[in-house]
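The structure appears below as structure tokens.
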Amino acid sequence: MSEATYRFVQVHNQAAIGTLHENLTAMWAAVHAETGGRVETTVHPENNKIPGADPVVLKNLLAGEVQFFTLMGGGIAEVVPVAEVQQVPFAFRSAAEAHRAIDGLLGRHVAAEIAAKGLHIFPVAGFDNGMRQITALDRPVRTPEDFAGMKVRTPPSELIMDTFRALGAEPVPTLSNQIFAALRDRKVDAQENPVAIIEAFGLDAVVKHVSMTNHMWSGFNQMAHMPTWISLSDDIKAVIERNVTLFVRRQRAAQEERNNTLRVRYERQGIAFNEVDPAPFRAQMSGLYVTWRERLGSKCWSLLEDAVGPLR
């Protein structure tokens, strides 16, 4: 192999034990091999412990200090507001439905807006986290009324916080690396994330209930610093893009299996899981849908409804 022509940094905010880190590491190893060693990329989990977490890493990506970064739509929305569409509550009924939408016309619309802000997002970019559930200390959620007075840890996403306000809960925006401490110290009563996050942050030491609300999809968009991407030769771009597509699809399957397997493990450990009828919760969203249709724009909202059906 030849000496590296390009040395890149890939950052993500998940734990090293997760399927995202496993697949990003394998992806860049494949790129290294297929380019004959010309591309060498170091993958850093947990945002490489950079103070300030996602917002700071996003700024670093825009500045070119980081060349590749994966981030939720809500995090990208700080720069590209329409990216928040990936987290519209009770829109996607499954992760597979979300994947079809973000790989299709809705995803292309968001990608165009992201490109206009100086970032490249790949045609198949959405690594999976899974459908988000409620993980609680003391009591399950079965109906919307169960949210009354409940403090729920959320990411600092305006749409996610609005969702829990609409359900009668108090959202408490908290960075991901502080979730365990927030629950342990009872600063929050619950947090909302896919089941795999219980493992990633050791939450099984403190929580007792997981309510399968499936209230929104959660994933990580693979982006590149646009000037860096433009500077690459076409053959290098083709290798990277092909492997992003391949490993996004592999990771999605692995994450679904991880979420399902962990549920079985945690039920055996004594954590109580309960199924939830989404209809009463979705009925609480009508006002939120009106507000966010205006914020995201009629074109974006129409593409979302084309993918999932009417949202009223």
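Structure values in brief
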{"quantity": "Helices (runs of 4 or more DSSP H) contained entirely in segment 180-289, each with at least 2 residues that are modelled with pLDDT of 95 or more", "calculated": "226-231, 234-269, 279-282"}
{"quantity": "The listed residue being touching a strand residue (DSSP E or B) at 6+ places or on another chain (Cβ under 9 Å), on the phi < 0 side of the Ramachandran plot and among the polar types (S, T, N, Q), out of 291, 213", "calculated": "213"}
{"quantity": "Any chance residue 64 is within 15 Å of the chain's Cα centre (by Cα), not hydroxyl-bearing (Ser, Thr, Tyr) and not assigned by TED's automatic domain parsing to the domain that holds residue 161", "calculated": "no"}
{"quantity": "Residue in segment 68-84 that is over 19 Å from residue 223 (Cβ atoms) and in contact with a Lys or Arg (Cβ under 7 Å, 6 or more places away or on another chain) present", "calculated": "no"}
{"quantity": "Number of positions in segment 257-289 that are of a type outside the set (S, T, N, Q) and either under 21 Å from residue 19 (Cβ atoms) or loosely packed, with under 12 Cβ neighbours inside 10 Å (or both)", "calculated": "17"}
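The values are calculated or read from the model by the stated rules, or taken from the named source; none is laboratory data. Only a predicted model underlies this, so the values are computations on that prediction, with no experimental measurement involved. Glycine also receives a Cβ, built like all others from the backbone with ideal geometry; neighbour counts cover every protein chain displayed.
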